[in-house]
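Take a look at the structure below.
Any read-out appearing in this document is the output of simple, stated calculations on the displayed coordinates, not a laboratory observation. Quick caveat: nothing in here was measured; it's all calculated off a predicted structure. Here the Cβ positions follow ideal geometry from the backbone for every residue, glycine too, while neighbour counts run over all protein chains shown.
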Amino acid sequence: MSLSSKQRNFVRMVGLLIEHAYQQGYELTFGDAFRDPRLHGAMGTKGGYGAPNSCHKLRLAVDFNLFKDGKYLTATDDYLPLGTYWESIGGTWGGRFKDGNHFSLEHEGFK
């Protein structure tokens, strides 16, 4: 699948995740989404913060801030219900590598 096709699929999946989160009583705000390579370096290059090979640079990752009953939740375990759902629709959840608010679509081995 081409990168462009994956990006379009990723956007659709994020929409499903957001809807699922709200149906479960959560609220979300965006954290990191796209990391512009002009600021953060191209794939394989570290510039600014973050990993040199980040799917954020490919428009295939998003970080969410999670809320329930008005409380900001920060523990990876707080994201488990959303992470499990995300994996069920084909995504990679960062909670498997201690980055619970990270939701991505793997591309060429990068998560």
Lys and Arg at +1, Asp and Glu at -1: neighbours of VAL14 with Cβ under 12 Å from its Cβ sum to +1
Could you compute the net charge surrounding ALA75? Neighbours are other residues with a C-beta less than 14 Å from the C-beta of ALA75; K and R count +1, D and E count -1. 0
From phi via Karplus (6.51, -1.76, 1.60), per-residue ³J(HN,Hα) for region 60-72 in Hz, x at Gly/Pro: 10, 8, 8, 10, 10, 9, 10, 10, 9, 6, x, 9, 6
Short version: ³J(HN,Hα) in whole Hz for each residue of region 5-11, in order, from phi by Karplus 6.51 cos²θ - 1.76 cosθ + 1.60 (θ = phi - 60°), x for Gly and Pro, what are they? 5, 4, 4, 5, 5, 4, 4
Where does each of HIS107, HIS102, HIS20 land when they are ranked from fewest to most other beta-carbon atoms within 10 angstrom? HIS20, HIS107, HIS102
